[in-house]
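The structure appears below as structure tokens.
Values quoted throughout were computed directly from the atomic coordinates according to the rules given, and no laboratory measurement underlies them. Since we're looking at a predicted model, the values are computed, not measured. Positions of Cβ are backbone-derived with ideal geometry, glycine not excepted, and every protein chain shown enters the neighbour counts.
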Amino acid sequence: MREIITHAPIQTRSDTLHKQERMSSLLASEAIIRIKEYATGKAYPRIDLWNTIGAKAETDYQKNCQPDETRNTFVQFQINERYRLLGSFYDISPNGRVSIRDDSSDYQDFVLSQIKRFLDMGIFVVSSGSFLRCDLCDYVFAPSQAAIAACPQCKDSNLVPTQKTGLFMPISTQQRSEAASSVKVYPQKTGLCELKRHLFTLPDNIQISKQREFGVCLADFGVDPEFVLDPKISLAMMGLFLRHGYGDLHTVIQGIDSLGNLAPYLAIIDNKPPEFVVHGTLPPIDSSKINPAKASFYFPFLVLTALALPNGISQEKLKCLSVEFQRTINQARYAISHINGLPSDNQEQTNTPFPKEVLENFLNYHPQLGYQQLHCYIYEQLSHNPNSSLLRDIRQMVELFYGKI
Ligand SMILES: [Zn+2]
């Protein structure tokens, strides 16, 4: 089955143009796929899963839609806009990419079939009981025993009990421990620590139905009709969904902040969970900052570097990385032009194979080490022992890790 490397589902929002950092997980997965393709000589699929359901998506639609614009058209415009930005800033074509929306009928039908299966297996449970309702805005949000003092929607503290039927996912300590030990997370130390923190702070009986205007309807299972499925549960079924016709979900790349929204649930409901690769949060990246000369800095250099920095990249760090990037690009340009300028009888000398460990370091998510080795190679090997037979490889490798030169 085809191996799938992709990003965690990305929320569709209307402010993409001025917040390009929201595409960093997509850009990072594209960068890793290109390295995989270079290392293996095989083509990998590009699969993009879009999270179109949720409170923020609904608010965004209500605030920013055109008069008479349907929710469907509004969401598709956001997705098309992302693909337009990928093409115009990073030269990534939308052609051949598979775009999956979590509100599509295919995805929702699959989710409903899985809910039924999980109910039969006892992984999900429908149960009635007392819930907290906000007296001010009427939002019903948690079982009454939950230690919540204010409404998550309007922050009012006047909460009253109400009888409701919801959908739940009970989890045992053993399930948490198994999930924590079976899932691979990179970078291991920080990523695993973050995953465990989320896994072990979840309640024993997670309420996975939410009061929302839009979502997967649970009424057929006996759940109160104002509840829909918590969208993070349907997204946690992404591996199960992709296995039906797309391939085997092997790697999911995502920001460390969103690890808790996907990985714990995916690890519990999917018996073949993928590995998770986390990258640090990038500072705000406005489209006006990305000119053609700078585009290679943002992709692939910055997104690959971010894989080693789960604690995030500050504005100061961004400036240092920009200087480091420019220095190496200049060195590579000089080395390549130097080789091109050599007289022909000086060419075809000793062959120095490109260090394989550079590729391996990136594919094992140690990009800092990979960049160090690449930098040394470009500077030392090429400056002192130029060899025209390496020119094509050098150019390809530099473009793979630093972008077009
Ligand atoms: Zn409220």
Exceeding the 23 Å Cα-Cα cut-off - candidates LYS189/LYS317; LYS164/LYS232; LYS42/LYS196; LYS19/LYS317; LYS19/LYS319: LYS42/LYS196
So the label point goes 7 Å from the Cα of LYS63 along Cα→C-beta, right? Which residues of segment 6-45 then have their backbone N under 15 Å from it? 12-19
Could I have the simple spin-label model distance between SER182 and GLU360, label points 7 Å from Cα toward Cβ, reported in nm to one decimal? 3.0 nm
Across 10 Å bins beginning at 0, the whole-percent shares of Cα-Cα pair distances in the chain come to 4, 20, 28, 24, 13, 7, 3, 1, 0
Between the helical axis of 105-121 and the dominant principal axis of the chain, each derived from Cα atoms, what acute angle in degrees is found, rounded to the nearest 10? 60 degrees
Report the residues of segment 265-290 in range of a label on ARG97: point 7 Å along Cα→C-beta, backbone N strictly under 17 Å from it. 287
Computed for the chain: size of charge dipole around the Cα centre, +1 on C-beta of each Lys and Arg, -1 on C-beta of each Asp and Glu, debye to nearest 20, value 560 debye
In Å³ per residue, the alpha-carbon convex hull of segment 108-154 encloses 112 Å³
Using the beta-carbon distance between LEU369 and THR70 and R0 = 60 Å, what value does 1/(1 + (r/R0)^6) give for FRET efficiency, to the nearest 0.05? 0.75
With each pseudo-label sitting 7 Å past Cα toward Cβ, what's the LYS116-ASN205 distance in nm, one decimal? 2.6 nm
In degrees rounded to 10, the 0-90 angle between helix 71-90 Cα long axis and the longest Cα principal axis of the chain is 10 degrees
Using only Cα atoms, figure out Rg for segment 254-338 and give it as a multiple of 2.2 N^0.38 Å. 1.41
Of HIS244, HIS366, HIS198, the one that fluctuates the most in a GNM where the chain has Cα springs shorter than 10 Å: HIS244
Listed residues THR190, THR305, THR73; largest mean-square fluctuation, Gaussian network over the chain with Cα springs below 10 Å, found at THR73
Say R0 is 45 Å: what FRET efficiency, to the nearest 0.05, do GLU37 and GLU213 get from their beta-carbon distance? 0.60
Report, in degrees rounded to the nearest 10, the 0 to 90 angle that the Cα long axis of helix 24-40 makes with the longest principal axis of the chain. 50 degrees
Obtain the nm distance between the two label points defined at ASP106 and VAL126 by a simple spin-label model: each point lies 7 Å from its Cα along the Cα-to-C-beta direction. 2.9 nm
Taking ILE4, ILE53 and counting other beta carbon atoms within 10 angstrom, the fewest-first order is ILE4, ILE53
Taking the dipole of the chain about the Cα centre (Lys, Arg +1; Asp, Glu -1; charges at Cβ), the one of LEU262, MET238, LEU304 that reaches farthest to the positive side is LEU304
